[in-house]
């Protein structure tokens, strides 16, 4: 059974239809990439999945359960974690403090006005685990706002991982990055997928990253699904080639 | 690896925090000894603590949750009236007066906060003023209960009874100062504990980035409401103490000028630092006392000082300490 299933969702902003009747099915352990030109509705599609706003029509199911009406904040508790196209972090807190907020939220401590030593120790252990997983241990006590773009992105992913997600949604994780940083973040995503077995859906512009990492790819243009398949199928698809390279006519 | 880094970090923060903390408490405890030599008096010192507590309470919201309130006079004034009602109409008990102050101010904070929680930014700020002005006009108009324009008078704070021992905070200004200091100590202790807790960290997270906080599974509106209520709680404690200090409660305690003064104290002292608002209150209240004895235009002088602080110390008088901690 699929872990995430999107059944023909549509999102209209007034007369503009940003996402038009798009469906998606992601199996557990899969890494799915969403590609498409600017303005294709990729981020809108992501926002529908994570509950940033509700769809005009259609349904979203997580593990067979209809979550279309569930608020974004509650979808996090059901195992959905995301990062944003423009990194969303707590810039004036350290890396450790950033991750701490996520760990405490996940542990159900968010309403607690006090915390005992044992719980603090457990939280600290979890933070260290996330730091190791994202290779940020050396930067742990620096302010996130002072880190390089690549390390900030790693910190954002560490926060998402701290939520113990069943599915991880990454919106353009290498956006605006140079060679070295793209390599660093792509490596992190590969490790998370191959070694830890996370189910990941990512929007990506860098085609090398997409074709190296993804199990399956979906292509959106102008809010509609253009093609869907394995990287080889997508590379050979004439409609995709036309959309990306222009037709030969 | 982790075993070595974590204690090292804890040591460092302890070393850094220990000295200023000891200095602050040493100064506060010894106030009645040195104050007369610098031309102060006990009621002035008590007033600094009262407004310091109000500003620190506001700052939980302003500096640590990143949410503006320009209407905290509501909770300050309702605290004052709560204490006044008990002493004037019911019973000569300082603890019960304080309890009533807390209940009235906090309940109003919880109610108004719930009505505002869905709003953000300037809309939220405008509503805070509106609710405070409603309270002001109710107190102003409801003559038979509140005493209207003249305020609630004809009561005195009651001495404290500990079994056979009586601490006469009514007639002894030094003892009353220490009573205020004890309440202040409890409140600041609770605040410090809160800010080191998961709940307190969720407030700071909201200040830093509400969207990220929501997508970490923290319901932002609910946490802002909780922060608002806690903030109203501490401000109402300060309001109760204010009524005990003056032995009256009048509508000016609910007026928007008080809201503004508390904001100025917090901003001038340093919103991002824990003790900043107390420093701001000390500067504000002392200057007010000193300059108002010379001219009725004292506010223009405080205004100029406020502008200078904002221009030259954008993080407040204590802000540079917070800066150093981060560096």
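Look at residue B:203 and say whether it is within 28 Å of residue A:105 (Cα to Cα), without any contact (Cβ under 8 Å) to a residue 24 or more places away in the chain and either in contact with a strand residue (DSSP E or B) (Cβ under 7 Å, 6 or more places away or on another chain) or more than 9 Å from chain A (Cβ to nearest Cβ) (or both). Against the criterion (within 28 Å of residue A:105 (Cα to Cα), without any contact (Cβ under 8 Å) to a residue 24 or more places away in the chain and either in contact with a strand residue (DSSP E or B) (Cβ under 7 Å, 6 or more places away or on another chain) or more than 9 Å from chain A (Cβ to nearest Cβ) (or both)), residue B:203 does not qualify. Evaluation of residue B:239 against the conditions (1) in a helix (DSSP H, G or I); (2) under 30 Å from residue A:165 (Cβ atoms) shows that the sole unmet condition is (2).
Scan region B:223-236 and give yes if some residue there is farther than 30 Å from residue B:142 by Cα, assigned by TED's automatic domain parsing to the domain that holds residue B:45, under 14 Å from the mean Cα position of the chain (by Cα) and surrounded by 23 or more Cβ atoms within 10 Å (Cβ to Cβ), otherwise no. Yes - at least one qualifying residue is present in region B:223-236.
Within region B:221-233, one or more residues are within 24 Å of residue B:94 (Cα to Cα) and away from chain A (no Cβ under 14 Å).
When the helices (runs of 4 or more DSSP H) confined to region B:46-150 are screened for residues that are within 30 Å of residue B:35 (Cα to Cα), those reaching at least 3 such residues are found at B:73-85, B:94-116. One residue is enough: does region A:153-164 have a residue meeting the conditions out of contact with any helix residue (DSSP H, G or I) (no Cβ under 6 Å at 6 or more places or on another chain), touching a residue at least 12 places away in the same chain (Cβ under 8 Å), away from chain B (no Cβ under 12 Å) and surrounded by fewer than 21 Cβ atoms within 10 Å (Cβ to Cβ)? No; the residues of region A:153-164 include none that is out of contact with any helix residue (DSSP H, G or I) (no Cβ under 6 Å at 6 or more places or on another chain), touching a residue at least 12 places away in the same chain (Cβ under 8 Å), away from chain B (no Cβ under 12 Å) and surrounded by fewer than 21 Cβ atoms within 10 Å (Cβ to Cβ). Of all residues in region B:33-45, those being touching a helix residue (DSSP H, G or I) at 6+ places or on another chain (Cβ under 8 Å) and part of a helix (DSSP H, G or I) number 5. Would region A:135-149 turn up any residue that is in contact (Cβ under 8 Å) with a residue 40 or more places away in the chain, closer than 20 Å to residue B:203 by Cα, more than 8 Å from chain B (Cβ to nearest Cβ) and assigned to a helix (DSSP H, G or I)? Scanning region A:135-149 turns up at least one residue that is in contact (Cβ under 8 Å) with a residue 40 or more places away in the chain, closer than 20 Å to residue B:203 by Cα, more than 8 Å from chain B (Cβ to nearest Cβ) and assigned to a helix (DSSP H, G or I). For residue A:86, the requirement of being farther than 20 Å from residue B:227 by Cβ, more than 8 Å from every other protein chain (Cβ to nearest Cβ) and buried (at least 22 other Cβ atoms within 10 Å of the Cβ) is not met. Note on region A:1-120: enclosed helices (runs of 4 or more DSSP H) holding 2 or more residues that are in contact with a helix residue (DSSP H, G or I) (Cβ under 7 Å, 6 or more places away or on another chain) and closer than 30 Å to residue A:140 by Cβ are A:72-77, A:95-106. Of the residues B:241, B:278, B:318, only one is within 24 Å of residue B:133 (Cβ to Cβ) and either in contact (Cβ under 8 Å) with a residue 40 or more places away in the chain or not assigned by TED's automatic domain parsing to the domain that holds residue B:60 (or both); which? After ruling out the rest, the residue left standing is B:241. Note on region B:298-318: residues that are out of contact with any helix residue (DSSP H, G or I) (no Cβ under 8 Å at 6 or more places or on another chain) and under 16 Å from residue B:257 (Cα atoms) total 3. Exactly one residue out of B:299, B:271, B:294 is loosely packed, with under 15 Cβ neighbours inside 10 Å and either closer than 26 Å to residue B:18 by Cβ or modelled with pLDDT under 90 (or both): that is B:294.
Quickly run through region A:112-124 and pick out the residues that are at the interface with another protein chain (Cβ under 8 Å from one of its Cβ atoms) and farther than 14 Å from residue A:95 by Cβ.
If the condition is that a residue be at the interface with another protein chain (Cβ under 8 Å from one of its Cβ atoms) and farther than 14 Å from residue A:95 by Cβ, then A:112, A:113, A:114, A:115 are the ones that fit.
Inclusion of residue B:265 among residues that are within 13 Å of another protein chain (Cβ to nearest Cβ) and touching a residue at least 60 places away in the same chain (Cβ under 8 Å) is not warranted. Among the strands (runs of 3 or more DSSP E) contained in region A:160-249, which hold 3 or more residues that are under 21 Å from residue A:61 (Cβ atoms) and under 19 Å from the mean Cα position of the chain (by Cα)? Here the list reads A:167-171, A:199-203, A:216-221.
The values are calculated or read from the model by the stated rules, or taken from the named source; none is laboratory data. Given the structure is predicted, the values throughout are model-derived calculations rather than measurements. Please note: Cβ atoms are built from the backbone with ideal geometry, for glycine as well, and neighbour counts cover all protein chains shown.
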